[in-house]
Amino acid sequence: MKFSVEEFRNWKYKKVTLVGMSGVGKTHISAMLRHHQWYHYSGDYRIGTRYLDEAILDLIKGQAMQVPFLSELLRNDWIYIRNNIKVSDLGPVLSFVGKLGDPERGGVPLEDFQQRQARYRDAEIAAMRDVPAFIEKGRQIYGYPHFVNDVGGSLCELEEPGVIELLAEHTLILYIQVTDEEEEQKLIARAQSDPKPLYYRPEFLTEQLAVYLEENGIRYAAEMDPDAFTRWVFPRLFRSRVPRYEEIAKRGYTVTSRDIGEVRDERDFLDLLETAIARSN
């Protein structure tokens, strides 16, 4: 959606999709807006509670069945396991996606990792296609006049026809851009200390894995330290995503991560959007 400043001010039911790398402040802004009558739709929360719920539970149960005491309880239906996914804590989703590397150090074997990546991609596509329905649910069922779509950092990686077009048709797309090296380093450090589920395009993963193995004199992914590989690959993933985000941003508006860091309430956010619209026009 595109607007003049006046059209945006008069837009009765505002609907915004926040786009950008994990850690730029999408969830922080969305949680703040929820206190100002905005329905907060979290793509990763939808993925975990709807599209990967059973897969996550199966993974957990598989681990529990390896413990004799727990396996007896499960087989006899004396206990049950369920996910407790929160918008602010995506631990079960993160555990399912996992980290590539040595299973003895908490990693996931390459073939399993690739399968989980494919399932995560399908789930993210499905969650984005649910956005129009949740716009209506947010207003009609829960009484929120406005809607903010807090998408995962891998939206730009999906390469699925129609997904970005759907979001641009139903929402204003706001790209949160990282514009300087200091902010970039903060973002990378934040992503490494507080990781979110990561999706890698298959060709990107194949290319970067080959480089990492050669640089470290390792023959197989199963020999890698999962944390070390994730720390090494994230800056490369970040930089590969920038032009993809910039292409999406052509369908909407752009602000910086520094701009977002100064937003304290809904009025600040709306003022920032109006500034972005005026600058674009």
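In segment 125-142, of all residues being outside any helix (DSSP H, G or I) and in contact (Cβ under 8 Å) with a residue 60 or more places away in the chain, the one that is surrounded by the most Cβ atoms within 10 Å (Cβ to Cβ) corresponds to D130.
Would you mind finding the one in R239, R258 that is in contact with a helix residue (DSSP H, G or I) (Cβ under 8 Å, 6 or more places away or on another chain), modelled with pLDDT under 95 and not hydrophobic (A, V, I, L, M, F, W, C)?
Details: R239 fails: in contact with a helix residue (DSSP H, G or I) (Cβ under 8 Å, 6 or more places away or on another chain).
Result of the check over R239, R258: R258.
Taking every residue in segment 40-54 that is under 23 Å from K15 (Cα atoms) and pairing it with any residue that is charged (D, E, K, R) and assigned to a helix (DSSP H, G or I), at least 6 positions away or on another chain, the pairs with Cβ-Cβ distances below 7 Å are H40/R34; G43/E124; I47/E124. A single member of I60, I47, I56 is under 21 Å from G91 (Cα atoms), among the hydrophobic types (A, V, I, L, M, F, W, C) and either touching an Asp or Glu at 6+ places or on another chain (Cβ under 9 Å) or at pLDDT 95 or above (or both), and it is I47.
Checking L52, L70, L90, L59 one by one, the residue that is more than 22 Å from the chain's Cα centre (by Cα) and on the phi < 0 side of the Ramachandran plot is L70 and no other.
Just for segment 210-255: of the residues that are among the small types (G, A, S), out of contact with any Leu (no Cβ under 8 Å at 6 or more places or on another chain) and assigned to a helix (DSSP H, G or I), which one is nearest to L167 (Cα to Cα)?
Step by step, filter segment 210-255, then rank; the result is A249.
Inspection of segment 182-196 identifies at least one residue that is more than 15 Å from T17 (Cα to Cα), out of contact with any helix residue (DSSP H, G or I) (no Cβ under 6 Å at 6 or more places or on another chain), among the basic types (K, R) and part of a loop (DSSP other than H, G, I, E, B).
Of all residues in segment 262-275, those being surrounded by 14 or more Cβ atoms within 10 Å (Cβ to Cβ) and in a helix (DSSP H, G or I) number 8.
The values are calculated or read from the model by the stated rules, or taken from the named source; none is laboratory data. Computed from a predicted model, the values in this text were never measured in an experiment. Neighbour counts are summed over all protein chains in view; Cβ atoms, including those assigned to glycine, are modelled from backbone coordinates with ideal geometry.
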